[in-house]
Protein chains: 2
Amino acid sequence: MKYSSPYVPPTLTVDAVIFQLHGDKLEVLLTQRESDPFKGEWALPGGYNAVGSTTIEALTEIVLRKTGVDLDNDLAYIEQLYTFDTVARDPRGHAVSVTYMGCSRAITLGTGSQHAEFFPVDRLPNLAYDHASIITYAQERLAAKLTYTNAVSGLLDKKFTLSQLQTAYEAVMGRLLDKRNFRKKFLTLNLIHETPDTWRDGAHRPAKLYAFNSSSLEVLSRSFD
Amino acid sequence: MKYSSPYVPPTLTVDAVIFQLHGDKLEVLLTQRESDPFKGEWALPGGYNAVGSTTIEALTEIVLRKTGVDLDNDLAYIEQLYTFDTVARDPRGHAVSVTYMGCSRAITLGTGSQHAEFFPVDRLPNLAYDHASIITYAQERLAAKLTYTNAVSGLLDKKFTLSQLQTAYEAVMGRLLDKRNFRKKFLTLNLIHETPDTWRDGAHRPAKLYAFNSSSLEVLSRSFD
DNA sequence: GCAAAAGTGTTTGGGATACACCCATGC
DNA sequence: GCATGGGTGTATCCCAAACACTTTTGC
């Protein structure tokens with residue numbers, strides 16, 4: 001800090017890594033940049049945070065405007081991820097970005113957002129800034145989160161089958177799990193209960209639908225995996 | 001974000017939560033504020049982050065100047081903790097604070113730092129700003145970190161006894177552990193090795209000294225607790 | 001010899017892992 | 001009747017937890 005010059009803060013920006021599950025693929029929400037730098041490339045939805053707004057307020061406004069996704073209503077869950085502050089990460093000058101990670105149940109993007117799209121995390125386009133590494137970091141955090149909390153509920157519908165639950169874990173963790181062990185263990189955690197409903201989906205036995213007991217984020221009594 | 005007015009970022013500040021172990025107490029480094037707001041009260045060491053400096057660069061400079069502690073050389077370990085951004089947290093105006101948490105081996109504070117002191121975390125003075133809740137959050141993070149990494153090495157001397165190791169865990173976790181189970185488990189993790197040296201300390205059997213195999217942060221094969 | 005911390009093993013219960021077949025449905 | 005995904009149980013191993021006495025030293 002220089003005492004001899006007046007204090008000038010860096011630019012403050014916010015960015016969101018928003019995941020959803022589509023079939024058996026984990027996807028992330030991106031927007032296409034409309035202007036330089038990185039015009040035409042894909043990037044995480046984000047923008048400037050001016051004085052007077054908290055990071056989450058600024059982010060909510062920006063993501064809604066750029067993608068049509070409403071963090072307050074469309075997301076099951078959001079948390080602060082990390083603050084990236086490498087001086088050179090934005091070619092326009094020193095910008096510090098506070099990033100958030102969230103999970104949404106499957107969303108259909110509104111028509112007003114032709115420049116926003118979900119991409120599978122294993123088939124991302126070229127990304128602007130350091131956003132590729134931010135996504136990798138978010139995915140690691142999400143995988144860790146699934147092992148010690150009920151965060152997976154944020155990726156599923158209110159009612160879901162045990163196979164869908166297992167698929168969600170497999171998509172985030174990136175590996176296959178044993179069906180019998182998975183069910184036995186998850187049911188003994190007492191996080192979910194059966195509902196009277198069933199899920200019919202083609203030429204096979206219908207599946208029981210389950211629901212989470214709690215809709216808020218809870219820490220597991222013993223960690224998963 | 002207002003389009004009609006030029007972009008003005010909030011103030012950016014940095015703060016450090018630096019822990020050390022003193023006997024069987026976990027302590028945290030505080031400085032006494034020399035000016036308003038909160039003049040005379042204790043606070044985490046921190047200050048302004050101007051454009052051009054990364055948060056960790058700014059923090060290193062500030063902590064060295066205010067407390068004499070050199071983050072680069074005196075700390076075994078430091079990591080970003082969280083970014084606090086409530087608009088009202090600083091009475092002078094909207095300030096966003098990027099906080100860091102670190103562990104130091106027992107430090108003797110230099111003479112130039114009569115306004116810096118380590119306080120036991122269970123006997124803190126009144127704290128300025130929202131610093132009390134930041135310390136609580138940091139302590140939770142540190143406790144979690146000890147369960148799945150070798151971070152405890154940052155709180156101990158290079159060579160240490162198994163009793164000192166157990167005391168470190170007990171101080172951070174806030175509960176007592178069984179001596180035989182603790183030793184059995186920790187030794188099977190293959191993180192530490194015996195040294196030829198012993199520690200003599202009064203009228204009782206001397207203790208073997210151990211050392212960590214790796215000085216960098218590693219994730220445990222199975223989590224501790 | 002005595003006070004004080006270091007050091008050491010066994011038993012038991014629960015959860016993790018590995019593994020293969022029957023069930024209900026649509027066509 | 002057959003293809004498709006839903007649903008279920010057992011045996012083994014390893015780890016967590018509970019628990020008390022002997023050893024080495026300084027005085």
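Here is a yes/no grid of residues against (1) more than 16 Å from DNA strand C (Cβ to nearest atom); (2) farther than 20 Å from A:Val98 by Cβ; (3) among the charged types (D, E, K, R); (4) not in a loop (DSSP other than H, G, I, E, B):
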position	(1), (2), (3), (4)
A:Arg123	yes, yes, yes, no
A:Tyr129	yes, no, no, no
A:Ala132	yes, no, no, yes
A:Ala138	yes, no, no, yes
A:Leu142	yes, no, no, yes
A:Lys145	yes, no, yes, yes
A:Gly154	yes, yes, no, yes
A:Asp157	yes, yes, yes, no
A:Ser163	no, yes, no, yes
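Tally the residues that are of a type outside the set (Lys, Arg) and within 14 Å of another protein chain (Cβ to nearest Cβ), restricting the search to region A:63-77.
Residues that pass the stated criteria total 2.
Residue check: is A:Thr161 outside the structural domain of A:Thr136 (by TED's automatic domain parsing), near DNA strand D (Cβ under 9 Å from one of its atoms) and within 23 Å of the chain's Cα centre (by Cα)?
Against the criterion (outside the structural domain of A:Thr136 (by TED's automatic domain parsing), near DNA strand D (Cβ under 9 Å from one of its atoms) and within 23 Å of the chain's Cα centre (by Cα)), A:Thr161 qualifies.
Could you run through region A:63-82 and say how many residues are farther than 9 Å from A:Tyr100 by Cβ, open to solvent by 30 Å² or more (accessible area, probe 1.4 Å) and not aromatic (Phe, Trp, Tyr)?
Looking only at that region, the number is 9.
Given (1) touching a Gly at 6+ places or on another chain (Cβ under 9 Å); (2) open to solvent by 20 Å² or more (accessible area, probe 1.4 Å), where does B:Arg123 come up short, assuming only one miss?
Result: B:Arg123 fails condition (1) only.
I'd like the full set of residues that are more than 14 Å from chain A (Cβ to nearest Cβ), part of a loop (DSSP other than H, G, I, E, B) and within 11 Å of DNA strand C (Cβ to nearest atom), limited to region B:171-225. First the steps, then the outcome.
Initial filter on region B:171-225 (more than 14 Å from chain A (Cβ to nearest Cβ)): B:171-218.
Next, from what is left, pick out any that are part of a loop (DSSP other than H, G, I, E, B): B:174-178, B:189-191, B:200-206, B:213-218.
Across region B:171-225, the qualifying residues are B:Asp178, B:Arg200, B:Asp201, B:Gly202, B:Ala203, B:His204, B:Arg205, B:Pro206.
Read through the list (1) out of contact with any strand residue (DSSP E or B) (no Cβ under 7 Å at 6 or more places or on another chain); (2) free of Cβ contacts under 8 Å to residues at least 24 places away in the same chain; (3) of a type outside the set (D, E, K, R); (4) exposed (fewer than 14 other Cβ atoms within 10 Å of the Cβ), then give the number of the only condition that A:Val152 fails.
If we test A:Val152 against (1) out of contact with any strand residue (DSSP E or B) (no Cβ under 7 Å at 6 or more places or on another chain); (2) free of Cβ contacts under 8 Å to residues at least 24 places away in the same chain; (3) of a type outside the set (D, E, K, R); (4) exposed (fewer than 14 other Cβ atoms within 10 Å of the Cβ), just (4) comes out false.
Consider only pairs whose beta carbons are under 7 Å apart and that are at least six residues apart or on different chains; among these, list those whose first residue lies in region B:51-62 and is facing chain A (nearest Cβ under 8 Å) and whose second residue is assigned to a helix (DSSP H, G or I).
Matching pairs, first to second residue: B:Gly52/A:Val87; B:Thr54/A:Val87.
Sort through A:Ala207, A:Ala211 and tell me the only one that's more than 7 Å from DNA strand D (Cβ to nearest atom) and farther than 15 Å from A:Leu146 by Cα.
A:Ala211
The values are calculated or read from the model by the stated rules, or taken from the named source; none is laboratory data. The model shown is predicted, which means the values in this text are computed figures rather than measured ones. A quick note on method: Cβ atoms are made from the backbone with ideal geometry, for glycine too, and the neighbour counts reach across all protein chains shown. These area figures cover heavy atoms from the full protein model, side chains too; ligands, DNA and RNA do not enter into them. Shrake-Rupley method; radii C 1.70, N 1.55, O 1.52, S 1.80 Å.
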